[in-house]
Each structure stands twice: as C-alpha cells, then as structure tokens.
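Here is the structure we will look at, set down as structure tokens.
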Amino acid sequence: MARRPVQPMPKAVLDALEARGVREDYEARPFYQRNDYLAWIARGQRAETRERRLAQMLDELERGGVYMKMAHNPSRKD
C-alpha cells in the first residue's frame, strides 16, 4: 500500500484559514483530505495556481459539503 508523504502546513495557508475563520472546519476534515489539500496547493507551479487552489479550498471549507469539487456529506452545513 502506497502512502502519501505528510505535507507540512505552510504559514500562509494557516494564516488564510484563520483569516477566513475556517480553521476549525479544516481541522474537522479527515487527515487524508487535509494532507491532499496541502499537497495539491503546493504542486501548483505558478503562484497564481497556488492562490487559486488555496481560494478553492477556503471556499469549500466555508461552504461545507464539498471536497475537491465533489460532494462530501459529512462536512455539510445545513
């Protein structure tokens, strides 16, 4: 079974989570989702891509019920 490397939390991402007030929503997600979000953001080669991906993650956390543009019922915010 292949394991994905654990991604470090960049200060800019932590600051963005706190500024948007979604850090608790982020922490409530399963580890694999948190790790995947960080890896996905970091893989962006251009700053614009990383910023767009960060914005998508923040929007999804704020909205709830979504993970990487897919339904995620456990995080729904009815």
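The values are calculated or read from the model by the stated rules, or taken from the named source; none is laboratory data. Note that the structure is predicted; figures quoted are calculated from it, not measured. A quick note on method: Cβ atoms are made from the backbone with ideal geometry, for glycine too, and the neighbour counts reach across all protein chains shown. Ligands, DNA and RNA are excluded from the accessible area calculation, which covers all protein heavy atoms including side chains. Shrake-Rupley method; radii C 1.70, N 1.55, O 1.52, S 1.80 Å.
Applying the criterion of being exposed (fewer than 13 other Cβ atoms within 10 Å of the Cβ) and basic (Lys, Arg) to the residues of the range 58-78, the residue that is nearest to the chain's Cα centre (by Cα) is Lys69. Given (1) free of Cβ contacts under 8 Å to residues at least 12 places away in the same chain; (2) out of contact with any Lys or Arg (no Cβ under 7 Å at 6 or more places or on another chain), where does Gly44 come up short, assuming only one miss? Unmet condition: (2). Pairing residues of the range 1-28 that are under 10 Å from Leu61 (Cβ atoms) with residues that are of a type in the set (Ser, Thr, Tyr) and open to solvent by less than 90 Å² (accessible area, probe 1.4 Å), at Cβ distances under 9 Å and at least 6 apart in sequence or on separate chains, gives Leu17/Tyr26; Asp25/Ser75; Tyr26/Tyr37; Ala28/Ser75. Among the residues of the range 21-78, just one is among the small types (Gly, Ala, Ser), in contact with a strand residue (DSSP E or B) (Cβ under 9 Å, 6 or more places away or on another chain) and in a helix (DSSP H, G or I), namely Ser75.
Anything in the range 43-52 that is open to solvent by less than 50 Å² (accessible area, probe 1.4 Å) and not polar (S, T, N, Q)? List them, or say none. Passing the criteria: Gly44, Ala47.
When Ala12, Ala47, Ala55 are checked against the criterion of being small (Gly, Ala, Ser) and within 11 Å of the chain's Cα centre (by Cα), Ala55 stands alone in meeting it.
Tallying residues that are at pLDDT 95 or above and either open to solvent by 100 Å² or more (accessible area, probe 1.4 Å) or over 18 Å from Val66 (Cα atoms) (or both) within the range 11-42 yields 10.
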